[in-house]
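The values are calculated or read from the model by the stated rules, or taken from the named source; none is laboratory data. All values derive from a computational prediction rather than experimental measurement. Counting neighbours? That spans all protein chains shown, and the Cβs are built from the backbone with ideal geometry, glycine included.
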Amino acid sequence: MKILKKVFLSLLFPVLMFTAMLIITASNPKCYVNGDFIFLKFDLIRYVVLDACQTICVALAIHLQLKNGRFDFSTGAAMILSAIFAGNIGNMTGSPYIGFLVALVSAVVISCFTAVVYMNGRLPIIISTIGVTLLYESLTYLVFGGTGISVFYQDTRLSVFGRMPGIFVPAILAMLVFTFYDKMTVAGRRGKVLANNQSAGVNIGINEYHNTITSYVFSGLIIGCTSIIYLSQNRVNPQSGLSTSSVMFSYIVSVFMGRFIGLASNDVIGIGIAAVSMSILDYGLNCMNLGAGGWQQIIMGVFVMAFYTMSSQIGNIQKLFRKVTKKEA
Amino acid sequence: MKNVKRIFAIVLALSLVLALAACGGGNKAPKKAKIGVGLYSDAGPAPDSTKAYLASLTEKLNVEFVYTTLTQTDEAANITKVQELIAANCDGIIITMDMGMEAILKECEDAGVYCAGYLCDFDTSYNTNYDKVFKNPYFLGTVADGGCGNELKRGYDFWDSLMEYNAAHPEDPVTHVSFTTFPAWAFPYQQQYVQQFIEKCDEYNKTAETPIVYDPFDESTDVLMFSPVDSTYFSKHADIDAVMCICAGEFVYGTMVSAGVDKTVKLFAAGYTEGDNANFGSRGNGTYQLELVCAPESITYPLVLLLNKINGVEFKDMPAEAERRSCTSFIINSDEDMELFEKSIYLTNDPANALLTPDDVYNLTAFGNEDATYAGLVEILNHMNIEDLAK
């Protein structure tokens, strides 16, 4: 019974989202082309899968560090830089698998560098990660001629990890890596202690240096999964002026929503469900020609704000609900 | 007395020769000059090949180039970039954006620095601020890619390429198309190109056995705000065989790949992005069937005008007011065209493959060739076609 309740609560959000978008798009004439209702087409599934897989990977990479009490600004820059390495080497060798491997290795190396700077610099995480973000962004202009990589996603032989069904490989790997770190490693469990009370954690004998490096190795692996998907779907341009943080922030909504939805199950499922739901919302807005520009920003902003408000006031809402039902009785 | 007369005659003759040489201005060693170039992007085939081409001219023309990147949306940022170039002691500036021109020219005037345009039709200034920009003595003119004023014809280029494609593929012709453009406030002519295409298509359909259907141009789905077409584009334009992408193809291709239509729908596009050639014509997925590209050598037009001013010489037929001139495009719509294009400086960054050598450019200047004319400089812009790459 408890499991059924968890499943119900977990699926409630995407089902509500799908139903809401179905009703809204069905009543909008823009969603009919030659009498065809375009919201309920196979494109919906394709879009949701492709978009959600990318979102899940980025959101897990952000969430892994967030769960350890660190907001890592450099996630987007690490993703872009490792994508440039992976794309160019993958293109040179003509192998998407080598590209994927390079993405994983380079992302781990980059993440470990971030960890070393943070630990040895003894700087607040926000300062140290903004610093390395600027460094990684400047490197995007130096490596491989500073032109980024555009040929990778254009080549169907190379971009298998950006399409169905290849996209499931990095997405599932990212979820497995997160779950393994979170549930099965000592570092993952100790991370929670450090996140809640860093001094207490260190005082009871947790080696923070070792713990931080370990967490960055795992988040590096997830960033590698993100890189290969991003690279297989987009042209990767060199970046500057903290522009990579906008890449990262565009996925952050799913992290916070996922944390709340995950209360009924676990973080990975929560983030997955949040990513799917937001992709459905996005697709519905696209159908109504509101997928970009000011209106999309307003709708998304209002929706996210309402969701956060609801989730933070859930206790009060429950109390009010009980009060009303008591009075009626 | 006889000798004095002879010496006097020789001195007179020498003075005459020297005076004539000074008046003519031809075959003089150019002054050392520094030119700032504000491109629209800092990387990519077009900026890279432009830089490679200019680098090949430095020695012969005694000129040094410094670069900056302008923005499409921030007027203040562009003015700052121009100020920076002036502060870097540039003698002339070439810019690719028509934003804040009045303020930019004021800066140039105060500093005694000349300015000219490249890859930009300066349409806003031309239509709304002509006197203060085109009549300003510090603005020398511009060369535009894809035509300007009455020379607009890209819509016809798209149509002709579609006809060529259908003639080459009678078994699988394109019979249903849709369009994409950038917004009119940024690229006012692109929707005019769509109308040109439609006009040709309507005319063709009157007598055609198999008419070509076009989806009506819809501003809400077909105008791209400098971001890729959205995921529902191919649902909204169901059953199309090709997209007439009047803007850059990269804004459509990514979505085609995600939607899984890159093997079935063809893309006719303006603007080349690195890697497009892998899926062009019969190669790869065969998605791209047209690319319209402006030769980087067209920067010769503003460069020569600037160098003439810097060297204090002028063409005899130099117009009184600055002009905007069109450069012919490389119309790449077959495998053979792409092979030629791949050997050009645009893709190789090798100045040996440029349409003009440093000597050619030197001879186009008024200080390098006394017979050089403005008409001659304009004429070279008509010889930057794909056929010219074969020569």
Criterion (among the hydrophobic types (A, V, I, L, M, F, W, C), at the interface with chain A (Cβ under 9 Å from one of its Cβ atoms) and in contact with a helix residue (DSSP H, G or I) (Cβ under 9 Å, 6 or more places away or on another chain)) met by exactly one of B:Val229, B:Val257, B:Val223: B:Val257
Answer yes or no as to whether B:Leu290 is more than 14 Å from chain A (Cβ to nearest Cβ), in a helix (DSSP H, G or I) and either aliphatic (A, V, I, L, M) or under 19 Å from the mean Cα position of the chain (by Cα) (or both). no
Restricting attention to region A:228-247, and to residues there that are modelled with pLDDT of 85 or more and closer than 17 Å to A:Cys53 by Cα, which single residue is farthest from the other protein chains (Cβ to nearest Cβ)? A:Ile228
Test A:Ser265 against the criterion of being of a type in the set (S, T, N, Q) and touching a Lys or Arg at 6+ places or on another chain (Cβ under 7 Å), and give yes or no. yes
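So which of B:Asp230, B:Asp157, B:Asp241 is surrounded by 14 or more Cβ atoms within 10 Å (Cβ to Cβ), in contact with a strand residue (DSSP E or B) (Cβ under 7 Å, 6 or more places away or on another chain) and over 20 Å from B:Ser329 (Cα atoms)?
Working: B:Asp230 fails: in contact with a strand residue (DSSP E or B) (Cβ under 7 Å, 6 or more places away or on another chain); B:Asp157 fails: over 20 Å from B:Ser329 (Cα atoms).
Result: B:Asp241 is the single residue among B:Asp230, B:Asp157, B:Asp241 that is surrounded by 14 or more Cβ atoms within 10 Å (Cβ to Cβ), in contact with a strand residue (DSSP E or B) (Cβ under 7 Å, 6 or more places away or on another chain) and over 20 Å from B:Ser329 (Cα atoms).
Limited to region B:109-124, what total is found for residues that are in a helix (DSSP H, G or I) and either basic (Lys, Arg) or in contact with a Phe, Trp or Tyr (Cβ under 6 Å, 6 or more places away or on another chain) (or both)? Quick ask: steps written out before the conclusion?
To start, the set of residues in region B:109-124 that are in a helix (DSSP H, G or I) comprises B:109-111, B:123-124.
Then drop every residue that is not either basic (Lys, Arg) or in contact with a Phe, Trp or Tyr (Cβ under 6 Å, 6 or more places away or on another chain) (or both), which leaves B:109.
Counting residues in region B:109-124 that are in a helix (DSSP H, G or I) and either basic (Lys, Arg) or in contact with a Phe, Trp or Tyr (Cβ under 6 Å, 6 or more places away or on another chain) (or both) gives 1.
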Scanning region B:266-287 for residues that are at pLDDT below 90 and at positive phi, which turns out farthest from the other protein chains (Cβ to nearest Cβ)? B:Gly271
Quick check: anything in region A:308-321 more than 14 Å from chain B (Cβ to nearest Cβ), in contact with a helix residue (DSSP H, G or I) (Cβ under 6 Å, 6 or more places away or on another chain) and hydrophobic (A, V, I, L, M, F, W, C)? no
Quick check on my filter: what residues within region A:120-153 are free of Cβ contacts under 8 Å to residues at least 12 places away in the same chain and facing chain B (nearest Cβ under 10 Å)? A:Gly145
Within region A:267-295, track down each residue that is touching a residue at least 12 places away in the same chain (Cβ under 8 Å) and outside any helix (DSSP H, G or I). A:Met288, A:Asn289
Give the residues of region A:154-174 that are more than 10 Å from every other protein chain (Cβ to nearest Cβ), of a type outside the set (A, V, I, L, M) and crowded, with 19+ Cβ neighbours inside 10 Å, sorted by residue number. A:Phe161, A:Pro170
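Do we have any residue at all in region A:40-53 that's within 26 Å of the chain's Cα centre (by Cα), within 12 Å of chain B (Cβ to nearest Cβ) and surrounded by fewer than 13 Cβ atoms within 10 Å (Cβ to Cβ)? Please lay out each step first, then the result.
Keep residues of region A:40-53 that are within 26 Å of the chain's Cα centre (by Cα), which gives A:40-53.
Okay, now just the ones that are also within 12 Å of chain B (Cβ to nearest Cβ), so A:40-51, A:53.
Then drop every residue that is not surrounded by fewer than 13 Cβ atoms within 10 Å (Cβ to Cβ), which leaves A:42, A:45.
Checked region A:40-53: at least one residue is within 26 Å of the chain's Cα centre (by Cα), within 12 Å of chain B (Cβ to nearest Cβ) and surrounded by fewer than 13 Cβ atoms within 10 Å (Cβ to Cβ).
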Examine region A:207-219 for a residue that is within 14 Å of chain B (Cβ to nearest Cβ), in contact (Cβ under 8 Å) with a residue 40 or more places away in the chain and of a type in the set (A, V, I, L, M), and state whether such a residue exists. no
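Which helices (runs of 4 or more DSSP H) sit wholly inside region B:165-265 and have at least 2 residues that are under 31 Å from the mean Cα position of the chain (by Cα) and at pLDDT below 90? Can you show your working first?
Working: elements: B:190-205, B:219-222, B:233-236, B:250-259.
Result: B:190-205, B:219-222, B:250-259.
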In the list B:Tyr67, B:Tyr53, which residue meets the criterion of being at pLDDT 90 or above and assigned to a helix (DSSP H, G or I)? B:Tyr53
I'm checking my understanding of the structure. Among residues of region A:90-137 that are among the aliphatic types (A, V, I, L, M) and crowded, with 22+ Cβ neighbours inside 10 Å, which one is farthest from A:Ser74 (Cα to Cα)? A:Val102
